Amino acid sequence: MPHELIVVSARPVDVGDHLIAAVSVNPDLLVRHIWNGGATQVCSPAGEVLLTVLRSKGFDVPEDVERLTGSTPTTGQAFWTELYSPMDPGADLGFDVARALARSAEGNLFVREGIE
């Protein structure tokens, strides 16, 4: 079972954020689209999946985000982006990319389960 992470941001996370995050952690990491663009994966140079990022979903009601994360967004609209990192030695690197992705999107990272 993978680690489940969430980025809550004022705008959707896009592929530019994925690239910035990957390169900031390790310039040799790869980014690829899967599921007809429904998700993006950040992979090691050998192709090992470190982080899977699903397409962002908008929330118009800040109370929904607060109920789910315990944190109130600073803007009226918030975007919810689900991330999954494998539970293996690559999880630390995937978690580093997740942190960098949240920074790139000017959002907050929340851990649903797994590593803290």
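The values are calculated or read from the model by the stated rules, or taken from the named source; none is laboratory data. Bear in mind the structure is a predicted one, so any value in this text is a computation, not a measurement. Keep in mind that these areas ignore ligands, DNA and RNA; they rest on the heavy atoms of the full protein, side chains included. Shrake-Rupley method; radii C 1.70, N 1.55, O 1.52, S 1.80 Å.
Averaged per residue, the stretch 1-65 has 51 square angstrom of accessible surface, using a 1.4 angstrom probe with ligands and nucleic acids left out.
D by Stokes-Einstein for the stretch 1-59, Kirkwood Rh over Cα pairs, 20 °C, 1.002 mPa s: 176 µm²/s.
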